[in-house]
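Only one structure is covered here, and it is reproduced in the block below.
No value in this document is a laboratory result; all are computed from the given coordinates. Here the structure is a predicted model, which means the values were calculated and not measured. Here the Cβ positions follow ideal geometry from the backbone for every residue, glycine too, while neighbour counts run over all protein chains shown.
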Ligand SMILES: [Zn+2]
C-alpha cells in the first residue's frame, strides 16, 4: 500500500512509516511530520506527482500530456515521473515544468 502525507507530500509504503508514540500509545506516522493526521492511502496505480527528478541530458527527454500534468520520460532512464504544469504569464502562458529548480519549457522537448 502506498501512502502519501498531504502536509509535506512525502510518499512511501506503510513499511516506511515512522513508529511514533503519544499519550494514546504507539502509532505510525509520516517520517517528516511525525504525525498521522495528514496521511492518505493511495490507490494502486495512482499517479504520484513529483516536483524533482534527476535531470539527465536534455536531448533524450520527451513527455506525455495529461490534463494539467505531464509524464516526463528519458530515452535511457525511462519514466522520470509526473510533473505539474506551470504557466508563464509573462510569455503568453507558455507551459513549463520545474526540474531540480530549473524551468524546462515543454515546447523545447519532444511530445510523445
Ligand atoms: Zn509529512
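So here's what we get for this one:
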| read-out | value |
| --- | --- |
| Extension gain (nm, one decimal) between residue 49 and residue 85, 0.36 nm per residue minus Cα-Cα | 11.9 nm |
| Relative contact order for the chain, counting Cα pairs under 8 Å that sit 6 or more residues apart, in percent | 19 percent |
| Where labels lie 7 Å past Cα in the beta-carbon direction, separation of residue 42 and residue 76 in nm | 2.7 nm |
| Estimated translational D of the chain in µm²/s (Stokes, Kirkwood radius over Cα pairs; 25 °C; 0.890 mPa s) | 154 µm²/s |
